[in-house]
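Some notes on the structure that comes next.
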Amino acid sequence: MVHKRELIRDLIPKIKDKRVITHSPSFIAETKDCLHSWFRTGGAITGNGAPEFIKECFSRLPKRVWRVFVRAESGFFNGALLDVLFDTKSEYLIKVNMKNLASLKMLAKMTKSDR
């Protein structure tokens, strides 16, 4: 009789060997067309390469587009991406968990005092 533990033990190495690929798509909301897409290894950190990805997306937009709204997940929340969004005068929404709200408020105060 084969026990459940033995079956799980036999499956775990097979699952670990599978290669994982993550997909970072970019869509045009009005037409639901895929503007751009990156496939990366599963071990890649979400925000790595985000500014380059956004720049490539902007370069693919037609010249007649004058207003852009970017929506991103919390993994893309970093200064380099925000710099690109500010430079292109884009509107944006980045979903961020507010776990360290006190730290963020302090950072915001420090940033305001630098200006």
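Identify, from the list Ala108, Ala44, the residue that is over 21 Å from Pro25 (Cα atoms), among the aliphatic types (A, V, I, L, M) and out of contact with any helix residue (DSSP H, G or I) (no Cβ under 6 Å at 6 or more places or on another chain). Just a single option satisfies the conditions, and that option is Ala108.
Table: residues versus (1) among the aromatic types (Phe, Trp, Tyr); (2) modelled with pLDDT under 85; (3) more than 23 Å from Val96 (Cβ to Cβ).
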| residue | (1), (2), (3) |
| --- | --- |
| Thr22 | no, yes, no |
| Arg40 | no, yes, no |
| Ala50 | no, no, no |
| Trp66 | yes, yes, yes |
| Phe77 | yes, yes, no |
| Leu81 | no, no, no |
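Here's a check for you: in region 90-115, which residue that is basic (Lys, Arg) and not in a helix (DSSP H, G or I) is surrounded by the fewest Cβ atoms within 10 Å (Cβ to Cβ)? Ranking the qualifying residues of region 90-115, first place goes to Arg115.
Listed conditions (1) within 16 Å of Ala29 (Cβ to Cβ); (2) in contact with a helix residue (DSSP H, G or I) (Cβ under 7 Å, 6 or more places away or on another chain) are all met by Thr88, apart from (1). Of all residues in region 60-89, those that are assigned to a strand (DSSP E or B) have Cβ atoms under 8 Å from Cβ atoms of residues that are at pLDDT below 90 and of a type in the set (Lys, Arg), 6 or more apart or on another chain, in Arg71/Lys95; Ala72/Lys95.
The values are calculated or read from the model by the stated rules, or taken from the named source; none is laboratory data. Please read all numbers here as calculations on a predicted model, not as lab measurements. With ideal geometry, Cβ positions are generated from the backbone for all residues, glycine too; neighbour counts draw on all protein chains shown.
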